[in-house]
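Structure record follows, encoded as C-alpha cells.
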Amino acid sequence: MYGPHMFWGMHWGWWIFWIVVIIALVWLLSQRRTGAPPPPRKESPLELLQRRYAAGEISTEEYEERRARLERDRLE
C-alpha cells in the first residue's frame with residue numbers, strides 16, 4: 001500500500017526547515033556581534049532648532065521667534 005518513496009517529500013521538507021533555521025540563527029548572531037547601531041532617529045523640528053541655536057547658527061531672537069511659531073503650530 002505504501003511505497004518506499006512515500007515520505008521523501010516530508011524528509012526534504014525537514015531538511016529545508018533546519019537549513020533555514022540555521023541560516024537565520026547565524027544571521028541574527030552576526031548582527032549582534034557587529035554591534036551595528038540602530039538606524040538614526042529623525043530629529044523633530046524643535047530639536048533641530050535647538051541644535052542650530054546651540055551651534056551658534058541662529059541668533060537668540062531668531063531662535064525665540066521660530067520656537068514660538070513651532071509651539072503655536074503644534075497646538076493648532
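What the phi angles of region 65-70 give under the Karplus curve with 6.51, -1.76 and 1.60, with θ = phi - 60°, is a coupling list of 5, 5, 5, 4, 5, 5 Hz, glycine and proline written as x. Peptides 19-32, 43-56, ordered by how many other C-beta atoms sit within 10 Å of their residues on average, highest first, read 43-56, 19-32.
Read-outs: derived from the displayed coordinates by stated rules, not from any lab. None of these values were measured; they are calculated from a predicted model. We place every Cβ from the backbone using ideal geometry, glycine too, and count neighbours over all the protein chains shown.
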